[in-house]
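The values are calculated or read from the model by the stated rules, or taken from the named source; none is laboratory data. Remember, predicted model here, so these are calculated numbers, not experimental data. Please note: Cβ atoms are built from the backbone with ideal geometry, for glycine as well, and neighbour counts cover all protein chains shown.
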Protein chains: 2
Amino acid sequence: MNSKIIRSEQLREFCEEAFFRLGFNRGDSTIITDVLLLSDLFGIDSHGINRIKMYYQHIKAGYIDISAQPEIIMETPVSAVIDGRKGMGQLVSNVAMKVAIEKAKTFGVGLVTVRNSNHYGIAGYYSLMASNEGLIGISMTNSLAAVVPTFSKTPMLGTNPIAFSFPASPQPFLFDSATSVVSVGKIEIYNKLDKPIPLGWGLNSDGIDEHDPAEVLKSVFSGKSGLHPLGGGSEEFGGHKGYGFSMVVEILSSIISLGTTSNHIEKEKSTAGVCHFFAVVDPKIFGDPMTIQKHLENYLEEIRSSHKANDHDRIYTHGEKEAEMFNHRKVQGIVIHERTLIEMKELSDELSMDFDTYF
Amino acid sequence: MNSKIIRSEQLREFCEEAFFRLGFNRGDSTIITDVLLLSDLFGIDSHGINRIKMYYQHIKAGYIDISAQPEIIMETPVSAVIDGRKGMGQLVSNVAMKVAIEKAKTFGVGLVTVRNSNHYGIAGYYSLMASNEGLIGISMTNSLAAVVPTFSKTPMLGTNPIAFSFPASPQPFLFDSATSVVSVGKIEIYNKLDKPIPLGWGLNSDGIDEHDPAEVLKSVFSGKSGLHPLGGGSEEFGGHKGYGFSMVVEILSSIISLGTTSNHIEKEKSTAGVCHFFAVVDPKIFGDPMTIQKHLENYLEEIRSSHKANDHDRIYTHGEKEAEMFNHRKVQGIVIHERTLIEMKELSDELSMDFDTYF
């Protein structure tokens, strides 16, 4: 099977049916599919349909409870603590973000911390839920430990992404970023291409900076060592800063929810126990939302039209690349790689779906 | 005059008197001194007493209004917008953070955005005001443009620091960091030592990565180019991520307050118009504060006792270095460099103070 370009509508039909057959109701299957599909449409291939096998395995093994009902275990007008009850991360997070949005609409701000959830896909999906309603959205999650603190060689932190989005035209400002130099997914891509990675991304099992992506992956998956935080492995280029941002994610997700810190997420279960944090703020508590939005749009335009760095002919503001890829893939379809297609085929066989009628 | 070790009590007396003679009342002089002194005690020499000349010049030139009364121009139970009225950054920020703390104590969360302020010293001073009262504190500020967005060679962003602190024992967790690779102050130190800087910190006036700190400083102060965001000058090591964190600071300080973005802060005035953001959250809205704090302390201890990186014998958690330097300098005194002593002497002559009675 070669890689294939597939229209997003076809991918949606396949995904929705697969999650339905895995036991989710139609509504939940649609939500999960939405999150995965947006990742593929944004060009973040590592967090979309290519993860379907992982979710499937975790459901089969019982790490993800398909019938879990997330529970609000503590609440104030501006906050909530949610126990995900081992539910699917996308579903737990959808509930949690909606709670945060409702609170922000009523009281100006909503803060929701979540424990006992699972891998939730791209952080930006949830922050966009807020900015699509004219609100400021923040989303972050811890994850299986894969990142070493500065001067440590033990993975103690997840890649712990943070997403921040703000309403703007023609697309929201959307910053969505791991707090590590690169994601594990990026190293997997280099590995597939048999391409050396730059020194400074990650360590091998001996805790030494390594060019070979396979060695770094081995080190991550064995828990022996891992990736560097944003800023790299020393203080010279600010590795302690990336480590700090990662700690902020950890504190707002796993610490204040009394959940599982990244280093205690069990390797074999890999996502069970993951913790999230969502914050929503209504910009109208600071002034006229359209005036504020205009102020941001002017600034973004000033940045884009500032003097280009040598050898560069375009300056991006955050969210532009995603929006352009979205528009492109909506029309042109999504490239699905060979390995992912094989996994999808295997899954559809197990679920008695006719793969060929979908693609 | 050679550099000198001075006890913090002497430095406090000198500073308080100098700011009093500059026109501030006794209470305000104490607050300003407090902020500068904590920076020196933490070992962040670039933001302490060595900035006294800058403040003096800005006061003399009228950029800082010593009698300004910060005004709350919009308010909800959980938020406020404050116009600093060109006041001294430390005083405006002290008022703003107190407002945020009061709101958090009453409603669980307080968000305060500030425009028309001035340079406020170290970000961490204000987040610590919250964590010293058992609350989660966040503090950030924009600043004179000195950092280039990814693929731009124009400084459009300040070094835009973020501080996050959380109550813990024996000292609070304190992450306080510029969102650039390094601060302007650090490059000034290399310049004084006539030491080349690593490629990847900043650009010369031609927008080319530069080893000579003098050339990078020239480039920053002329506004021709500047420093790289955390992650460096390309996407390879995540420069777009540092640029994103810097944008978050800009949005929460200058955008939602309808204030001055870093690129519009006038170079000759350098600090006038600076914008801040403060957030305070009471951890008790998420659970028992001591149980949460204990959970954090356990995690910090696990990190510190994880396997050390090769050639390193200690792993720090954020706030430890500051606390240790504080304890050291409280007893041993603070090293004040020759140039700073000369500036202090000049200032004391202008203010008819007898320099020698202080030191």
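Among the candidates B:257, B:253, the residue that is of a type in the set (S, T, N, Q), within 25 Å of residue B:224 (Cβ to Cβ), surrounded by 19 or more Cβ atoms within 10 Å (Cβ to Cβ) and touching a Cys at 6+ places or on another chain (Cβ under 7 Å) is uniquely B:253.
Going through the range B:316-356 one residue at a time, which ones are of a type in the set (S, T, N, Q) and closer than 20 Å to residue B:3 by Cβ?
As a first pass, look at the range B:316-356 and keep what is of a type in the set (S, T, N, Q): B:317, B:327, B:332, B:340, B:348, B:352.
The answer is B:332, B:340, B:348.
Residue A:133 fulfils the conditions (1) under 24 Å from residue A:96 (Cα atoms); (2) part of a loop (DSSP other than H, G, I, E, B); (3) in contact (Cβ under 8 Å) with a residue 60 or more places away in the chain except for a single criterion, (3).
One line per residue, one yes/no per condition, for (1) outside the structural domain of residue B:138 (by TED's automatic domain parsing); (2) among the charged types (D, E, K, R); (3) modelled with pLDDT of 95 or more:
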site	(1), (2), (3)
B:267	no, yes, no
B:271	no, no, no
B:277	no, no, yes
B:338	yes, yes, no
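From the residues in the range A:210-245 that are more than 10 Å from chain B (Cβ to nearest Cβ) and not in a helix (DSSP H, G or I), which one is surrounded by the most Cβ atoms within 10 Å (Cβ to Cβ)? Working first, answer last.
If we filter the range A:210-245 for residues that are more than 10 Å from chain B (Cβ to nearest Cβ), which is where we start, we get A:210-223, A:226-227.
Next, from what is left, pick out any that are not in a helix (DSSP H, G or I): A:210-212, A:223, A:226-227.
On the way: A:210: 22, A:211: 14, A:212: 14, A:223: 15, A:226: 32, A:227: 26.
Ranking the qualifying residues of the range A:210-245, first place goes to A:226.
Quick grid of which residues meet (1) of a type outside the set (Phe, Trp, Tyr); (2) in contact (Cβ under 8 Å) with a residue 40 or more places away in the chain; (3) under 26 Å from residue B:95 (Cα atoms):
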{"site": "B:260", "(1), (2), (3)": "yes, yes, yes"}
{"site": "B:278", "(1), (2), (3)": "no, yes, yes"}
{"site": "B:285", "(1), (2), (3)": "yes, yes, yes"}
{"site": "B:293", "(1), (2), (3)": "yes, yes, no"}
{"site": "B:303", "(1), (2), (3)": "yes, no, no"}
{"site": "B:308", "(1), (2), (3)": "yes, no, no"}
{"site": "B:312", "(1), (2), (3)": "yes, no, no"}
{"site": "B:317", "(1), (2), (3)": "yes, yes, no"}
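Working only within the range A:271-306, note down all residues that are on the phi > 0 side of the Ramachandran plot and either more than 9 Å from chain B (Cβ to nearest Cβ) or aromatic (Phe, Trp, Tyr) (or both). Let's see the steps before the verdict.
Applying the first criterion (on the phi > 0 side of the Ramachandran plot) to the range A:271-306 yields A:273, A:287.
Passing the criteria: only A:273.
If only residues of the range B:73-103 that are in a strand (DSSP E or B) and within 11 Å of another protein chain (Cβ to nearest Cβ) are counted, the one that is surrounded by the most Cβ atoms within 10 Å (Cβ to Cβ) is B:82.
Among the residues of the range A:137-153, those identified as closer than 14 Å to residue B:317 by Cα and not in a strand (DSSP E or B) are A:148, A:149, A:150, A:151. Criterion applied to A:174, A:135 was being over 18 Å from residue A:223 (Cα atoms), touching a His at 6+ places or on another chain (Cβ under 6 Å) and within 14 Å of another protein chain (Cβ to nearest Cβ), and the one residue passing it is A:174. Based on what the data block shows, is residue B:128 modelled with pLDDT under 95, under 16 Å from the mean Cα position of the chain (by Cα) and either away from chain A (no Cβ under 14 Å) or over 22 Å from residue A:78 (Cα atoms) (or both)? In short, no.
Working carefully through the options B:159, B:106, B:141, find the one that is at pLDDT 95 or above, surrounded by fewer than 24 Cβ atoms within 10 Å (Cβ to Cβ) and not assigned by TED's automatic domain parsing to the domain that holds residue B:207.
Values: B:159 fails: surrounded by fewer than 24 Cβ atoms within 10 Å (Cβ to Cβ); B:141 fails: surrounded by fewer than 24 Cβ atoms within 10 Å (Cβ to Cβ).
Just one listed residue meets the conditions, B:106.
What is the number of the single condition among (1) more than 14 Å from chain B (Cβ to nearest Cβ); (2) surrounded by fewer than 17 Cβ atoms within 10 Å (Cβ to Cβ) that residue A:344 does not meet? (2) is the only condition that residue A:344 fails. Residues that are of a type in the set (Val, Ile, Thr) and part of a loop (DSSP other than H, G, I, E, B) were ranked within the range A:291-345; the one that is farthest from residue A:46 (Cα to Cα) is A:315.
Condition first: assigned to a loop (DSSP other than H, G, I, E, B) and within 10 Å of chain A (Cβ to nearest Cβ). Can you find one or more residues in the range B:108-120 that meet it?
Yes, the range B:108-120 contains a residue that is assigned to a loop (DSSP other than H, G, I, E, B) and within 10 Å of chain A (Cβ to nearest Cβ).
For residue A:272, are the conditions met, namely being crowded, with 17+ Cβ neighbours inside 10 Å and among the small types (Gly, Ala, Ser)? Before the answer, list the steps.
Details: crowded, with 17+ Cβ neighbours inside 10 Å: yes; among the small types (Gly, Ala, Ser): yes.
Yes.
Counting only residues that are buried (at least 17 other Cβ atoms within 10 Å of the Cβ) and of a type in the set (S, T, N, Q), the range B:47-72 holds 1 of them. For residue B:160, are the conditions met, namely being closer than 24 Å to residue B:76 by Cα and either touching a residue at least 24 places away in the same chain (Cβ under 8 Å) or in a strand (DSSP E or B) (or both)? No. Of the residues making up the range B:199-236, those that are free of Cβ contacts under 8 Å to residues at least 12 places away in the same chain and not aliphatic (A, V, I, L, M) number 2.
Yes/no per residue for (1) within 30 Å of residue B:106 (Cα to Cα); (2) touching a helix residue (DSSP H, G or I) at 6+ places or on another chain (Cβ under 9 Å); (3) part of a helix (DSSP H, G or I):
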| position | (1), (2), (3) |
| --- | --- |
| B:9 | no, no, yes |
| B:14 | no, yes, yes |
| B:18 | no, yes, yes |
| B:24 | no, yes, no |
| B:30 | yes, yes, yes |
| B:40 | no, yes, yes |
| B:46 | no, yes, yes |
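Kindly evaluate residue B:339 against the criterion of being farther than 22 Å from residue B:129 by Cα and exposed (fewer than 15 other Cβ atoms within 10 Å of the Cβ). Write out each step before concluding.
Details: farther than 22 Å from residue B:129 by Cα: yes; exposed (fewer than 15 other Cβ atoms within 10 Å of the Cβ): yes.
Taking the combined requirement at face value, the residue satisfies it.
I'd like the full set of residues that are modelled with pLDDT of 90 or more, within 19 Å of residue A:346 (Cα to Cα) and more than 11 Å from the chain's Cα centre (by Cα), limited to the range A:35-50. Residue satisfying the conditions is A:49 alone. Whenever a residue of the range B:39-67 is touching a residue at least 40 places away in the same chain (Cβ under 8 Å), its partners that are outside any helix (DSSP H, G or I) and of a type in the set (Phe, Trp, Tyr), lying with C-beta atoms within less than 6 angstrom and at least six residues away or across chains, give the pairs B:66/B:24. Count of the range A:246-270 residues, restricted to those that are more than 7 Å from chain B (Cβ to nearest Cβ) and at positive phi, is 1.
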